[in-house]
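S.K.: The structure under discussion is supplied below as structure tokens; questions concerning it will follow.
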Amino acid sequence: MSLLLLLESNVLKTFVNSTDDSGWEDTALNWLIVAIVVSAVCAIGMLLVKWLKKQQARNIIQKTWSASETVALMLIGLGPVLLGLLVAWYMTRNFFNYVSVSGLFKGIVISWISYLLFMSVSHLLSPWRRDLF
Amino acid sequence: MRNIFIAIGGSGTRVAESLLRLLAIGFPINKDNNDLLGSVGGTLEFWVVDPDIDSGATSELRICISEYQSLKRLLGEKWSIEIRTVSEKEPVRILNPLNLPGINNQGKTLRSLLSLGGTQPAEPFLGLFYTPEELDIEINRGFYQKPFIGAPVMAMFADSLTKGRESGDQQDLFNQLKTQKVNFFLCGSLHGGTGASGLPVMGQFLRNARKLSEEKHADWQISACLLAPYCLPLGPPFDPLKQGEQITDELIKQKASWFEFTNNEGEKPYKEAYDSLGEKEKEQLIKQILLGFYAKPDEIVSRAHQGVLYFQNNVLKQKGTDASAVFDEVYVVSKPRPTQLKKWSNGGKSQSNPLDSAEMAAAVASLNYFSGSNVEGSNDYVVGASTKEREADRLQSMHLYDLPHYNIGKESIDPERVFLATSILVHFILHEIPWNVAAKRWSGLEGLRWMYLGKDGETVKSSDADIYRNVANMIVEFTRSVVDTSRTIGWHPGELAALESIISAASIEKMEKRGKSDNEIDRALRLGQSFVIVSAFDIGRWHPEQRTEPISKGEYMRWVWTQAYRLTKTAPL
């Protein structure tokens, strides 16, 4: 348990400017949570976009998605993830003041990875599995 | 069931070719156990009775059979009927009436045939019935619209079919046919020489040949299609000899130089026909014209009239040796105003007229017959007009809805709707299936998709995609070959344009999923009086039931075609 706590505080340290101020761990943890939430919201949004496009497909060719089309949709979703995190970082005083630029980039990377994971698992567990795998 | 189309003369052969093209396009002959319209079981074969063994029409038929067989090889079972050929190299059974047992085949004339053929010499009596010119003209290019020349030849030929050592193969053939259920469909013109003489003789021969014993006869059905004038040939390039004039070498040279040096646009058809002949044939052609042995356009209607009267008084009232009527069904096809041909020929390779819309109507009549649909009535012959209110001028350029309907069981087959269903099927194959996407990713095509989910599914799919596209293009070509006005006569040019529009990518929009605000009428795909409202999603759902053994491409296409056909409707203009 203490090892986990140690690990966690080592990981969290990388997101903040300095660990001198009290409460830095909460800020870093919140930043991590925001990164994952933004990735989840964007994943849901992109899945909704895909669902709408498929519903509105007027013929078989429009309804049939190749792997590259699905991958392209996933890559397009990286943009909103980036934007979401930037807005969250800029608009929240604690994040702006205490999460470093390198922490911002690390957050973006973690958010992107979890977004891609959400998208892949959603496809795997749905009838859209055939579009990707 | 063995179906035998006996084409008598050039016109009959053109109808045979039209029939083959219609079968390739998808015209059905029967239904299978799943109520699928198609051509299940049975075979179709073509016999050509023609002294003109080099005729352009027979060559075209051979080429058409080869193209049809290519289509069938790609599609496998169920799309169209199997064609039974004589051998790999000869798809058509040629019955040359000049090929009589015991007679030299070179330089055939009526005099030589009637003097040497038969069981008793006829020489003393020939002059009572024929002029010297009629006796001595070579008849290996046909009978020149003179059925009285063809009739004795045909009679001797029919007699020889089941007699004599030389006709051993044909004897075996007829003996074999007697053990089978056979539908014979004889087709020829009333105004030509070969058709008018061959139809009644061959009909009577078949009726008599089917006898097995005093009480029993073979299970044969025999029908005839009589072609009254539907096209007019061009008149001769020059006038025949005047009374008392003789053929001299000088005269032949003079006429030859006319052919060689003519530059007139109006005389081009004659020059083309002349140039296609060898030296000896050129001289024969000039002699034939000088002696008056050519198709006379101003006599065609009266000759057809004589043909009809002969049929009515002598053939239809006649009985076979089993006291039944010679023909079980008789169809008559004609046009109120025959179409003027633009090419000229006096037989041989150059005799290859463009396909005529009337020939397609006759081909549809043969489909009616081969599908087992009899004209209702007792023993009387019913004369049916094709459709009501047909003006002579309008039939110069026919529409597909002018073609007669036929029945398969209780289901009426409308040729225009057949063309519409085929066009939709071809469009679907060419434009609505995402062949370039892996089959496992397909949506809305479950039936076709599952065929490609196996171990080498993608490889099979790629190969099938090429085959389906190839087949679709072949069917498009068959469609063009029967209604394209640059290659056929008697059709309205709008027919091909309408078909090509449905087949093209332009119809993708009309086959899209319908929204609530979409006007259904605007989305209809139309062809003449027929229309259909269908989306690509609807078609994607149509497929045969999944089973362990593979489904042939022909069966898949037939399934889709049958659903499409049954969805089409007619709304008279």
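The values are calculated or read from the model by the stated rules, or taken from the named source; none is laboratory data. Everything numeric here is computed off the predicted structure, so don't read it as measured data. Methodologically, a virtual Cβ is constructed for each residue, glycine included, from the backbone with ideal geometry; neighbour enumeration extends over all protein chains shown. Remember, those area values only see protein heavy atoms, side chains included, never the ligands or the DNA or RNA. Shrake-Rupley method; radii C 1.70, N 1.55, O 1.52, S 1.80 Å.
S.K.: Compute the relative contact order of region A:11-133 as a whole-number percentage, counting only Cα pairs closer than 8 Å that sit 6 or more residues apart in sequence.
M.R.: Once normalised by length, the contact order is 41 percent.
S.K.: Something else: Listed here are the pairs B:Lys31/B:Lys78; B:Lys31/B:Lys410; B:Lys242/B:Lys287; B:Lys163/B:Lys211; which of them are more than 18 Å apart at the Cα?
M.R.: Among B:Lys31/B:Lys78; B:Lys31/B:Lys410; B:Lys242/B:Lys287; B:Lys163/B:Lys211, the Cα-Cα distance tops 18 Å for no pair.
S.K.: What length, rounded to one decimal in nm, is gained on full extension from B:Lys242 through to B:Arg480, with 0.36 nm per residue of separation minus their alpha-carbon distance?
M.R.: 81.1 nm
S.K.: Still on this structure, I have one more. Mind putting a number on the dipole of the protein assembly as shown about its Cα centre? Charges go on the C-beta only, +1 for Lys and Arg and -1 for Asp and Glu, and I need it in Debye to the nearest 20. Don't jump to the answer; show the numbers that get you there.
M.R.: Numbers: 75 positive and 79 negative charges, 276 e Å.
About 1320 debye.
S.K.: Give me the accessible area per residue for chain B, probe 1.4 Å, as a whole number in Å².
M.R.: Working: 25300 Å² over 573 residues.
Result: 44 Å² per residue.
S.K.: At q = 0.05, 0.06, 0.08 Å⁻¹, what base-10 log of I(q)/I(0) does the Debye formula yield for the protein assembly as shown when every alpha carbon is treated as an equal point scatterer in vacuo?
M.R.: -0.38, -0.50, -0.73
S.K.: Now for a separate question. Take the solvent-accessible surface of the protein heavy atoms, probe 1.4 Å, and return the percent of it on region A:66-111 that carbon and sulfur atoms account for.
M.R.: That share works out to 74 percent.
S.K.: Determine the principal axes of the Cα atoms in chain B, then give the extent along each, sorted from largest to smallest and rounded to whole angstroms.
M.R.: Result for chain B: principal-axis Cα extents of 84, 64, 48 Å.
S.K.: Moving on to the next point. Can you give the local net charge around B:Gly76? Use residues other than it whose beta-carbon is closer than 14 angstrom to its beta-carbon, Lys and Arg +1, Asp and Glu -1.
M.R.: 0
S.K.: Moving to a separate point now. Compute the long axis of helix B:9-25 from its Cα atoms, compare it with the longest principal axis of the Cα atoms of chain B, and write down the angle in degrees, 0 to 90, nearest 10.
M.R.: The angle comes out at about 10 degrees.
S.K.: So, with +1 on the Cβ of K and R and -1 on the Cβ of D and E, and no other charges, what is the size of the charge dipole of region B:480-573 about its Cα centre, to the nearest 20 debye? Could the numbers behind the result be given before it?
M.R.: Working: 14 positive and 12 negative charges, 27 e Å.
That gives a dipole near 140 debye.
S.K.: Here's a follow-up. Find the cysteines in chain B that fail to meet the 4.7 Å Cβ criterion with every other cysteine, and list them.
M.R.: So, B:Cys64, B:Cys231.
S.K.: Send over a whole-number figure in Å² for the accessible area per residue of chain A, probe 1.4 Å.
M.R.: Heavy-atom accessible area per residue stands at 58 Å².
S.K.: Now for a separate question. Identify, among B:Val418, B:Ser357, B:Ser345, the residue whose Cα sits farthest towards the positive end of the charge dipole of the protein assembly as shown, taking +1 on the Cβ of Lys and Arg and -1 on the Cβ of Asp and Glu, with the dipole about the Cα centre.
M.R.: Going by the charge dipole, the pick is B:Val418.
S.K.: Between B:Thr459 and B:Glu88, what's the calculated FRET efficiency when r is the beta-carbon distance and R0 is 45 Å? Round to 0.05.
M.R.: Step by step, r from the Cβ atoms, then E = 0.90.
S.K.: Residues of region B:228-245 with amide nitrogen under 12 Å from the 7 Å Cα-to-Cβ point of B:Thr262?
M.R.: B:234-239
S.K.: A follow-up question, please. For the Cα atoms of chain B, what angle does the longest principal axis make with the long axis of helix B:357-370, in degrees from 0 to 90, nearest 10?
M.R.: 80
S.K.: For chain B, what proportion of DSSP beta bridges, expressed in % and rounded to the nearest 5, is antiparallel? Spell out each step's value before the answer.
M.R.: Details: 13 of 51 bridges.
Among the beta bridges of chain B, antiparallel pairing accounts for roughly 25 percent.
S.K.: When the Cα centres of region B:259-317 and region A:63-133 are compared, how far apart do they sit, in Å?
M.R.: If we compute the Cα centre of each part, the gap is 83 Å.
S.K.: Let me ask something else about it. Taking the Cα centre of region B:163-276 as origin and charging only Cβ (+1 Lys, Arg; -1 Asp, Glu), how large is the dipole, in debye to the nearest 20?
M.R.: 700
S.K.: Find the centroid of the Cα atoms in region B:434-508 and in region B:196-231, then give the distance between the two in whole Å.
M.R.: Each part reduced to its Cα centre gives a spacing of 41 Å.
S.K.: For chain B, what does -39500 (n - 2.57) per DSSP helix run (n ≥ 4), summed and divided by total residues, give at 222 nm, in deg cm²/dmol to the nearest 500? If you can, show how the numbers build up before the last one.
M.R.: Values: 19 runs with 230 residues, N = 573.
Helices in chain B give a 222 nm mean residue ellipticity of -12500 deg cm²/dmol.
S.K.: Please compute the contact order of chain B in relative form: average sequence separation of alpha-carbon pairs under 8 Å and at least six residues apart, divided by the residue count, as a percent.
M.R.: Value for chain B: 17 percent.
S.K.: Can I ask one more? Would you mind giving the total buried accessible surface between chains A and B, with a 1.4 Å probe and ligands, DNA and RNA left out, rounded to the nearest 100 Å²? Intermediate values should be presented prior to the final figure.
M.R.: Details: alone 8580 and 26030 Å², together 33030 Å².
In total, this chain pair buries about 1600 Å².
S.K.: Moving on. For chain B, take the longest principal axis of its alpha carbons; what is the angle in degrees between that and the long axis of helix B:193-209, to the nearest 10 within 0 to 90?
M.R.: The angle comes out at about 80 degrees.
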